[in-house]
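Written out below as structure tokens is the structure these notes cover.
Laboratory data are not the source of any read-out in this text; all were calculated from the coordinates shown. The shown structure was predicted, so the numbers you read here are calculated from the model rather than taken from an experiment. All Cβ positions, even for glycine, are placed from backbone atoms using ideal geometry, and neighbour counts span all protein chains on display.
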Amino acid sequence: MENQAAIFPIWVVGIDYLLGMIMWTLVGRTAMSFFLPQDSSFFFMRFFVRATDPLLKLFAPVTPNFLLEPLVPLYVAWFFFMVRFYIMPWLLGYSVMGMLSFPLESEFAHMIYYYLN
């Protein structure tokens, strides 16, 4: 398993991890909202709502009104995906980063592969 710090500078890995955690938290909130109401007392749902409400308020001006309320966090997560997939490589001067080039997801994929084989 190749270390991500050897491929990318540590600040790139740090920024990607932060953006990835925000993106996946928003996706998690969307998934949880299909099964639980926003004001649920379930601790995971409370965490997702508290952690992502400031982001949803920040992105409210660019969020279309026609979106269903449970899909708004997924729409905001799409922005973080676009930054990670297009803007980060462009700023770093990469033309193509390749499959599993996201450091966060790549680390998880390597861990899964390591433990299953």
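Things to note:
- Summed residue charge, Cβ within 13 Å of Phe44's Cβ, Lys/Arg positive, Asp/Glu negative: +3
- Correct option for volume of the Cα convex hull per residue in Å³ [calculated from the coordinates] among [x] 95; [y] 116; [z] 138: [z]
- Stretch in the chain that is longest and holds no chymotrypsin sites (Phe, Trp or Tyr not before Pro) that DSSP places in a loop and that have at most 13 other beta carbons within 10 Å: 1-33
- Here is how the number arises for the chain: DSSP H runs of 4 or more residues each give -39500 (n - 2.57), the sum is divided by the residue count, and the result at 222 nm is -20000 deg cm²/dmol.
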